[in-house]
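**Student:** Handing you a structure now.
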Ligand code: HXC
């Protein structure tokens, strides 16, 4: 390539520009691109090509280079400096993006690299458009020392200010270690690619040195660990392409920013579609389970459910769907897993999701079948009080339309927590199979009749007394009508009509306005 010279004529200057662009597009060069492919990874540009609408990408700062002259870096300058930034569109809507380029100095973050990211984040805030970050980096550029640390902190501060203003989505498609993990962690959603990505604060070597624990990279911070054990990541994608498609899908349910509503689309699934299956889904025996996802698929548009945190805290299901083209967030207890109990992890998972929906004006549909909070020392020591309070707080604070359908059990504190009427539930329906009470009949009889039962010596007589009391309690309390008589349930509905009733509720609430009192911010029990 001929280097740029002022003496060039205009045609040569244009040719030079084209060559410069081609050079920048090669990142760290062909060899490193091959090595990236050999690891089963795409390059930073290939990822953007798949993520964005064809031909929509506008790149910024392609000619930026680092300013470090130590440790031989003065001779290693790559146009763009290891991160590709700019904006494009997804389904015609503007998004800002950055994509870290591992082929350039391992995608490590320099001062100028950070400045490029900050520039697009600042512009995204002004425009009111989402930011999508693709992470694949060896972390702080070691040669730049504190400049790199400062660069990270500049990004963190922007992540914090943008939180709840514009959607922020992170893909992790390679290394993401040390303090670098905190930028994705501050965003709304993290997607990790299976087997090719990892996130940890300290890697296996330091872990071994400090704690003696021998653990592999994958077991310490791979996609499986973070989507099933820690809950740090929301999606595990089979490969990068699937991860990028998840991002595109996710944006279908979100507005561009907190001042807009999520986009409503045409729907070919009839709004009044009834489903007899729902009249049969609840087993006769309260101890029997069923799959709440069958209920979700039955009521939403075209069975299209984007489940978040699918492998984590499985006693509660959260995710996005549409009702007659209107995006909603669904929170549903899962009787198929630990009877749908609320434990520390389920509470945290659902609380974060409720706040995510509320921040971006996505109505919440809650499907309730919850036996209560998980008892035991492990849960109490693990802070179930604080974690349960998070979910309670999140629902009570949320001002978006809130529709609750109680399918079966709704006991005790868990009844209150799961978007009950008094937590400003807008429309609360129940199926005839609902049991809204302080606790289940068996537990209740043990407590209120325990002494009497223990005094009956004859076994048969004891069982008969127990059963009679259980029946009495069930008839009196284990139904939806006590709550309905008090107006805590707005209507008891036939299960087969649930889709239609939810759609009509959503249509009615579309103009809902609710406010929280002015304050600096709340003090949610973190
Ligand atoms: C500068 C780096 C780099 C870094 C990688 N490279 N990480 N250059 N700073 N942090 C360079 C390598 O020198 C190499 O250059 C190229 O990138 C590819 O790296 P390889 O090691 O050959 O790749 P691979 O074998 O795939 O290993 C990837 C890796 C490893 C596991 C990420 O590179 C690694 O351990 N890097 C250091 C990670 C680290 O300790 N980072 C600092 C963490 S502290 P050449 O020219 O040979 O191709 C941190 C603090 C953030 O990030 C704090 C924020 C608050």
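**Student:** Can you find a residue that is at pLDDT 95 or above and closer than 17 Å to residue 175 by Cβ anywhere in region 241-249?
**Tutor:** Looking through region 241-249, at least one residue is at pLDDT 95 or above and closer than 17 Å to residue 175 by Cβ.
**Student:** Just checking, which of 463, 414 is buried (at least 18 other Cβ atoms within 10 Å of the Cβ) and within 23 Å of residue 288 (Cβ to Cβ)?
**Tutor:** 414
**Student:** Anything in region 106-120 that is touching a helix residue (DSSP H, G or I) at 6+ places or on another chain (Cβ under 6 Å), closer than 20 Å to residue 169 by Cα and crowded, with 23+ Cβ neighbours inside 10 Å? List them, or say none.
**Tutor:** Listed by number, the residues that qualify are 109, 114, 117.
**Student:** Now for a different question. Return only the number of the condition from (1) surrounded by 14 or more Cβ atoms within 10 Å (Cβ to Cβ); (2) assigned to a helix (DSSP H, G or I) that residue 103 does not satisfy.
**Tutor:** Looking at each condition in turn, residue 103 falls short on (2).
**Student:** Given region 376-423, what helices (runs of 4 or more DSSP H) lie entirely inside it while holding 1 or more residues that are under 23 Å from residue 484 (Cα atoms)?
**Tutor:** Output list reads 384-397, 412-417.
**Student:** Same structure again: Before we move on, is residue 117 closer than 20 Å to residue 191 by Cα and assigned to a strand (DSSP E or B)?
**Tutor:** no
**Student:** Give region 136-190 a look and list any residue that's crowded, with 20+ Cβ neighbours inside 10 Å, in contact (Cβ under 8 Å) with a residue 60 or more places away in the chain and either more than 9 Å from the ligand (Cβ to nearest atom) or part of a helix (DSSP H, G or I) (or both), or say none.
**Tutor:** 136, 144, 166, 167, 169, 171, 172, 173, 180, 188, 189
**Student:** Give the residues of region 149-164 that are under 22 Å from residue 249 (Cβ atoms) and out of contact with any strand residue (DSSP E or B) (no Cβ under 8 Å at 6 or more places or on another chain), sorted by residue number.
**Tutor:** Within region 149-164, 163, 164 meet the criteria.
**Student:** I would also like to ask the following. Taking the condition of being in contact with a strand residue (DSSP E or B) (Cβ under 8 Å, 6 or more places away or on another chain) and under 29 Å from residue 259 (Cα atoms), how many residues in region 389-415 meet it?
**Tutor:** Count: 9.
**Student:** Continuing with this model, one more query. Output the residue which, of all residues in region 23-38 that are surrounded by fewer than 14 Cβ atoms within 10 Å (Cβ to Cβ) and under 17 Å from residue 83 (Cα atoms), is nearest to the ligand (Cβ to nearest atom).
**Tutor:** Ranking the qualifying residues of region 23-38, first place goes to 29.
**Student:** Could you tell me which residue of region 191-201 is farthest from residue 244 (Cα to Cα), considering only residues that are touching a strand residue (DSSP E or B) at 6+ places or on another chain (Cβ under 8 Å) and within 11 Å of the ligand (Cβ to nearest atom)?
**Tutor:** Checking each candidate, the answer is 201.
**Student:** Based on what the data block shows, is residue 61 out of contact with any strand residue (DSSP E or B) (no Cβ under 7 Å at 6 or more places or on another chain) and at pLDDT 95 or above?
**Tutor:** no
**Student:** Free of Cβ contacts under 8 Å to residues at least 60 places away in the same chain, more than 15 Å from the ligand (Cβ to nearest atom) and over 12 Å from the mean Cα position of the chain (by Cα): which single residue out of 223, 209 fits that description?
**Tutor:** Step by step, each of 223, 209 is checked, and only 223 is free of Cβ contacts under 8 Å to residues at least 60 places away in the same chain, more than 15 Å from the ligand (Cβ to nearest atom) and over 12 Å from the mean Cα position of the chain (by Cα).
The values are calculated or read from the model by the stated rules, or taken from the named source; none is laboratory data. Since the model is a prediction, treat every value here as computed from it, not as a measurement. We place every Cβ from the backbone using ideal geometry, glycine too, and count neighbours over all the protein chains shown.
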